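Inspection log for the structure reproduced underneath, given as structure tokens.
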Amino acid sequence: MNRTQLTRTTAARAAIASSAVLGLLALSGCGAAETGRSTEAGGTKTVSLTVPSWVGAQANVAVASYLLKKEMGYTVKSQQMGEVLAWDALSKGDIDAIMEDWGHPKEEKQYVENKKTVVKGGDLGVTGHIGWFVPKYYADKHPDVTDWKNLNKYAKDFATVESGGKGQILEGSPDYVTYDEALIKNLKLNLKPKFAGSEASQITAIRKYAKEKKPFLTYWWNPQWLNNEIEMVEVKLPEYKEGCDADLKKIACAYPNTPLQKFFNKDFAKDGGDAATFLKNFKWTTDQQNDVALMIADQKLSPEAAAEKWVKANESTWKAWIPKK
């Protein structure tokens, strides 16, 4: 859930995330149940990747899948699943790699440190940041709204028929990294979370508010290509300090800046050959990820077409990812 560069489209609606995922499944030639261990034994070269629900992470999988297939001769299987479920599947070997993790310390401790079935796959190259945001047109009229201490003053402006007289904070999926309920309680804020259910549904709601120039408060993240369309301003929460988010009963601080990480199944990291080396080498910038995400979500290119377009224009970047023979 963003998952610092404060920047996680025009005609896309609630179908954006699902259509992007379906496109990825189509380009990989698999269905939801077609997962399995990656292997190069006996000439079989298959890699299984998880597809997160947000478009930025889908861009990673699209480009990685395209290069694995077109440049390296692999079959790529991909499957959409929630972030926590993906960790379990990774541990079991049902998938080989998570290309973008926004920080799951509980799962990391369980699978990396204790079970030792998952290993770190390196830095993606993108720094994520989760926060609370309001539209710039509202912040321009009410500059002090960008300080959390003043949110109760403006709670009535964010209220909806579903928020029970409290100010609404629009959330994405319950599966995303979030501690907003605890934060609201511990900071004594007159707010109530409303989960849109997915990135696509959240974008639909944000666009509707923005079109009507209505005030809204939302859980949001960077990088996210929508910020190129709708300008939002972050609300300053109490400063993040190491460990301040360790106890939900006491948490009263902002989200950290998170260098997004990759994680591999242990056996894949050991026996995955060139595919494992390639995915470990895969590292790009926020702008590069946003370029592909924008093509998928806003320009309505299929994930494979977006990946192909990016690959053709950025050979100097991806060539370094391919293992040298």
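Since every read-out is calculated from the coordinates, none of them should be taken as a lab result. Bear in mind that the values here come from a model prediction, so they are computed numbers and not experimental data. No Cβ is skipped: glycine too gets one built from the backbone with ideal geometry, and neighbour counts run over all protein chains shown.
Some points to look at:
- The range 97-103 - phi-based ³J(HN,Hα) in whole Hz, Karplus 6.51/-1.76/1.60, Gly and Pro as x: 8, 9, 8, 8, 10, 9, x
- Distance in nm between pseudo-label sites at K300 and K214 (7 Å out along the Cβ direction from Cα): 2.6 nm
- Summing charges over all other residues whose Cβ lies under 12 Å from the Cβ of D147, with Lys and Arg as +1 and Asp and Glu as -1, gives +1.
- Whole-Hz couplings from phi, Karplus 6.51/-1.76/1.60, listed for the range 71-79; x for Gly and Pro: 9, 10, x, 8, 8, 10, 10, 9, 9
- Electrostatic bookkeeping for F195 treats Lys and Arg as +1 and Asp and Glu as -1; over the other residues with beta carbon under 14 Å from its beta carbon, the sum is -4.
- For the range 147-295, the equivalent ellipsoid derived from the Cα gyration tensor has semi-axes of 33, 21, 14 Å, listed largest first.
- Gain upon complete extension [K188, K115; 0.36 nm per residue less C-alpha separation]: 22.4 nm
- Extents of the chain, taken as max minus min of Cα coordinates on every principal axis and listed largest first, are 66, 43, 34 Å.
- Quotient of C-alpha Rg and 2.2 N^0.38 Å, computed over the range 147-216: 1.09
- Net +/- balance of residues flanking I184 in space, Cβ distance below 10 Å, scoring K and R +1, D and E -1: +2
- Set of lysines with alpha-carbon distance to K309 below 29 Å, sequence-local pairs under 8 removed: K45, K69, K70, K77, K262, K280, K283, K300, K319, K324, K325
- Taking 7 Å steps out from each Cα toward its Cβ at L248 and V161 produces label points 3.1 nm apart.
- Note that the range 220-325, at 10 °C in a medium of 1.306 mPa s, gets a Stokes-Einstein diffusion coefficient of 92 µm²/s from its Kirkwood radius over C-alpha pairs.
- CD proxy at 222 nm, helix term only [per DSSP H run n ≥ 4: -39500 (n - 2.57); per residue of the chain; nearest 500]: -10500 deg cm²/dmol
- Note on K109: aspartates and glutamates with a C-alpha under 13 Å away, same-chain residues under 8 apart excluded, are D88.
- Stretching the chain fully between D267 and N281 yields a gain of 3.3 nm (0.36 nm per residue, less the alpha carbon separation).
- When the P(r) is computed for the range 53-171, the part past 18 Å accounts for 67% of the Cα-Cα pairs.
- Of all DSSP-defined beta bridges confined to the range 129-257, some 60% are antiparallel rather than parallel.
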